[in-house]
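Each remark here refers to the structure printed beneath this line.
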Amino acid sequence: MRMFFKGNRSLHPLLPQNYNFGKRRDTFRKTLALLTERKATTLLETGTARAGLKNCKSDGASTIVFGKWARENDAYLYSVDIDSIALKQAEIEIKNYNLSGHVHLKASDSIAFLKLFDQKVDFLYLDSFDYDKKDRSIQRKSQEHHLAEFKAIESRLHQGSIVLIDDHKLPGGGKGKLAIEYMTQKGWEIVMEEYQVLLSQKIIRL
Ligand SMILES: C[S@@+](CC[C@H](N)C(=O)[O-])C[C@H]1O[C@@H](n2cnc3c(N)ncnc32)[C@H](O)[C@@H]1O
């Protein structure tokens, strides 16, 4: 019997139809299409998904989404998180989904890790320092942290790189507010803007 998951915003066929990615589904889909089109091989994320696909609607389950894409496309995902307990949970989930060969976890402050990363980066996902919908001081710290992350890895990005930032359309401008201001001044363009924001280097047309 065929099963229908009415209203589910899934990432099928990458992931089973019963997982609902809600407000992130369309930006994830567009990102995955661009990764395929641009033949990305090195993916990097800040803020690891600790619960496998369980929190796909609330948190995004990014490590499984990009890890699965990496496994299917001969690519590698590097995921950094400061919380070693979260990383232990994430490691179990990554094994459950048979992604260990394509996902490398790192326990570190993201900025310190990004500064030392020595490969070119095709895709960057920024989703670390938690944002608060009300507290202006936490908003500012989160925005400054995400800007500092971008600056720490900027020299490893190239003309074909893409950047996705989570928790965007929120009061106070979201996690990426300062990073987006900086990036657009440097020639990056917004490709898609929803709950997440997707950016790419300006395409130079001759
Ligand atoms: C919103 S969660 C990540 C959610 C994940 N991307 C997902 O899809 O489920 C944010 C994570 O950032 C981590 N974090 C916070 N500050 C950090 C820092 N300075 N460096 C690295 N990770 C940090 C937290 O430990 C937390 O696990």
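The values are calculated or read from the model by the stated rules, or taken from the named source; none is laboratory data. Note that the coordinates shown come from a computational prediction; the quantities given were computed from them, not determined experimentally. Here the Cβ positions follow ideal geometry from the backbone for every residue, glycine too, while neighbour counts run over all protein chains shown. These accessible areas exclude ligands, DNA and RNA; they are computed on the full protein's heavy atoms, side chains included. Shrake-Rupley method; radii C 1.70, N 1.55, O 1.52, S 1.80 Å.
Semi-axes, largest first, in whole Å: what does sqrt of 5 times each Cα gyration tensor eigenvalue give for the chain? All intermediate terms of the calculation are to be shown ahead of the outcome.
On the way: eigenvalues 117, 74, 71 Å².
The three semi-axes for the chain are 24, 19, 19 Å.
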Report the normalised scattering of the stretch 1-122 as log10 I(q)/I(0) at q = 0.09, 0.11, 0.22 Å⁻¹, calculated by the Debye formula with identical scatterers on the alpha carbons. -0.24, -0.36, -1.35
Using label points projected 7 Å from each Cα along Cα→Cβ, tell me how many nm separate R140 and R38, to one decimal. 3.3 nm
Quick one: P(r) of the stretch 84-180 from all Cα-Cα pairs, 5 Å bins, percents rounded to integers, in order of increasing distance. 2, 13, 19, 19, 19, 17, 8, 2, 0
Relative contact order (%) - the chain, alpha-carbon pairs under 8 angstrom, separation at least six: 18 percent
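What does the extension gain come out to for Q89 and H158, with contour length at 0.36 nm per residue minus their alpha carbon separation? It would help to have the intermediate numbers written out before the result.
On the way: separation 69, 0.36 × 69 = 24.84 nm, distance 3.26 nm.
Extra length from Q89 to H158 when fully extended: 21.6 nm.
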Computed over the chain: longest principal axis from alpha-carbon atoms vs helix 84-96 long axis, angle to nearest 10 degrees, is 40 degrees
Which percent, nearest 5, of DSSP beta bridges in the stretch 22-201 are antiparallel? 30 percent
Taking the solvent-accessible surface of protein heavy atoms with a 1.4 Å probe, what is the per residue accessible area of the chain in Å²? 51 Å²
Taking Cα atoms only, helix 62-72 is inclined relative to the longest principal axis of the chain by an angle, in degrees rounded to 10, of 70 degrees
Once the convex hull of the C-alpha atoms of the stretch 1-60 is built, how many Å³ does it hold per residue, rounded to a whole number? 108 Å³
Just the Cα atoms of the stretch 145-206: what Rg and Dmax do they give in Å? 11.4, 39
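On the protein heavy atoms, probe 1.4 angstrom, tell me the percent of accessible surface of the stretch 22-201 carried by carbon and sulfur. Present the calculation step by step, with values, prior to reporting the outcome.
Numbers: 3980 of 8080 Å².
Looking at the stretch 22-201 in its full context, I get 49 percent from C and S.
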Modelling each spin label as a point 7 Å along the Cα-to-Cβ direction, I'd like the A148/V191 distance in nm, to one decimal. 2.8 nm
Taking 0.36 nm per residue of separation between Y182 and K115 and subtracting their Cα-Cα distance, the length gained on full extension comes to 22.3 nm
